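Structure record follows, encoded as structure tokens.
The values are calculated or read from the model by the stated rules, or taken from the named source; none is laboratory data. Just so it is clear, the model here is predicted, and its values are computed rather than measured. Every residue, glycine as well, gets a Cβ built from its backbone with ideal geometry; the counts of neighbours run over all protein chains shown. Ligands, DNA and RNA are stripped out before the accessible areas are found, and what is left, the full protein with its side chains, is counted by its heavy atoms. Shrake-Rupley method; radii C 1.70, N 1.55, O 1.52, S 1.80 Å.
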Amino acid sequence: MDIFLYIIPMDGSIKNIIYCLIDPITKQVRYIGKTNNINKRLANHIQRKQNKTYKSWWIYSLKKKGFKPIIEILDIVGED
């Protein structure tokens, strides 16, 4: 499985990255979130222990099948 690294300027101009997690099997968007570090956030989603959220159960079921969610950047916004 490939891990995608996004090159984001770190000059302080990026405050929020809006992203979605996509099911690699159905290609449906399953989660939308925001972060200031997309690579760290994806790793956190994948490595997080299973809890009782729908998102967590979904990622856990993907991992059991040998898949990981696909992350896609929807928008990059500054502080304003």
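Say we look at the stretch 6-34 and pick out the residues that are polar (S, T, N, Q) and at pLDDT 90 or above; which of these is nearest to Asp75 (Cα to Cα)? I'd like the intermediate steps shown before the answer.
Going residue by residue through the stretch 6-34, those that are polar (S, T, N, Q) are 13, 16, 26, 28.
Filter again for at pLDDT 90 or above, leaving 26, 28.
Working: Thr26: 23, Gln28: 18 Å.
Ranking the qualifying residues of the stretch 6-34, first place goes to Gln28.
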Out of the residues in the stretch 39-70 meeting the condition of being in contact with a strand residue (DSSP E or B) (Cβ under 6 Å, 6 or more places away or on another chain) and at pLDDT below 90, tell me which one is farthest from Asn16 (Cα to Cα). Lys55
Would you mind finding the one in Ile71, Ile32, Ile76 that is touching a helix residue (DSSP H, G or I) at 6+ places or on another chain (Cβ under 6 Å), in a strand (DSSP E or B) and either open to solvent by 80 Å² or more (accessible area, probe 1.4 Å) or in contact (Cβ under 8 Å) with a residue 60 or more places away in the chain (or both)? Ile71
Per-region count, the stretch 19-29, residues among the aliphatic types (A, V, I, L, M) and exposed (fewer than 15 other Cβ atoms within 10 Å of the Cβ): 2
